[in-house]
Amino acid sequence: VPHQGSWQDADATRSGAEFNEPLLLKSEPSHAGQLATSYSVLEVAPSSVTVESVKKAEDSSEYIVRLYETADKPATAVLNFTRTPRTARETDMMEWDKFVPSTSFAIKGTKVIVPVRPFEVKTIRVGF
C-alpha cells in the first residue's frame, strides 16, 4: 500500500488484513426487527489493536477474545461490547489458564480496558 510516513502511521497492517481477508457480505431484504440498521457486537480502539477472533470458551459459558497490537507501540485497548461484561481476565492461547498470570481487566460499563505491549498477543476470557 503506497503511503507517506511510517507504515505504523499508514495503518499498513490493517490495510493488508482488509485486502487479504475481505468482508463477506450477506444481503438481507428490508424488514421489521429489533436491531438498528447497523450493529456491532464488539468495537475496539485504538486502530493499532486488532481483534483476531471471538469465540465461545471451550470449558465455560465465557467468550474468548484474541487481539494483538500492530504498530510497535504500547496501547490501551478499549473493547466496547453491546452487553455489560461481569468478568474479563487474561488466559493463555490454549485457554488453560496455566501459562500467563491471571490478570483481571478493568470494566467500565460495557467497556473492558486492556493494556497491550508492542506487538503483544492477548487472549481474554469475558463473562457476561
Output for the range 75-128, where each listed residue is open to solvent by less than 50 Å² (accessible area, probe 1.4 Å), of a type in the set (A, V, I, L, M) and touching a residue at least 24 places away in the same chain (Cβ under 8 Å)
ALA75, ALA77, VAL78, LEU79, ALA88, VAL112, ILE113, VAL114, VAL116, ILE124, VAL126
Subset tally (residues that are farther than 23 Å from THR82 by Cβ, assigned to a loop (DSSP other than H, G, I, E, B) and at pLDDT 95 or above) for the range 101-124
4
Any residue in the range 25-46 that's at pLDDT 85 or above: show its pairings with residues that are assigned to a loop (DSSP other than H, G, I, E, B) at Cβ separation under 8 Å, as long as the two are six or more apart or on different chains.
SER40/THR82; VAL41/THR82; LEU42/THR82
Let me confirm something: among ASP72, ASP59, which residue is open to solvent by 40 Å² or more (accessible area, probe 1.4 Å), at positive phi and not polar (S, T, N, Q)?
ASP72
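Could we say that VAL65 is within 16 Å of PHE105 (Cα to Cα), of a type in the set (A, V, I, L, M, F, W, C), touching a residue at least 12 places away in the same chain (Cβ under 8 Å) and in contact with a strand residue (DSSP E or B) (Cβ under 7 Å, 6 or more places away or on another chain) here? Show your work before the answer.
Working: within 16 Å of PHE105 (Cα to Cα): yes; of a type in the set (A, V, I, L, M, F, W, C): yes; touching a residue at least 12 places away in the same chain (Cβ under 8 Å): yes; in contact with a strand residue (DSSP E or B) (Cβ under 7 Å, 6 or more places away or on another chain): yes.
Taking the combined requirement at face value, the residue satisfies it.
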Filter the range 2-18 for residues that are open to solvent by 80 Å² or more (accessible area, probe 1.4 Å) and within 16 Å of THR70 (Cα to Cα) and give the result.
TRP7, ASP9, GLU18
Can you confirm whether the range 32-45 contains a residue that is farther than 15 Å from VAL126 by Cβ and surrounded by 16 or more Cβ atoms within 10 Å (Cβ to Cβ)?
no
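The values are calculated or read from the model by the stated rules, or taken from the named source; none is laboratory data. Just so we're clear, the structure is a prediction, and the values are computed from it rather than from any experiment. Backbone-built Cβ (ideal geometry, glycine too); neighbour counts: all protein chains shown. Note: areas computed on protein heavy atoms with side chains; ligands, DNA, RNA excluded. Shrake-Rupley method; radii C 1.70, N 1.55, O 1.52, S 1.80 Å.
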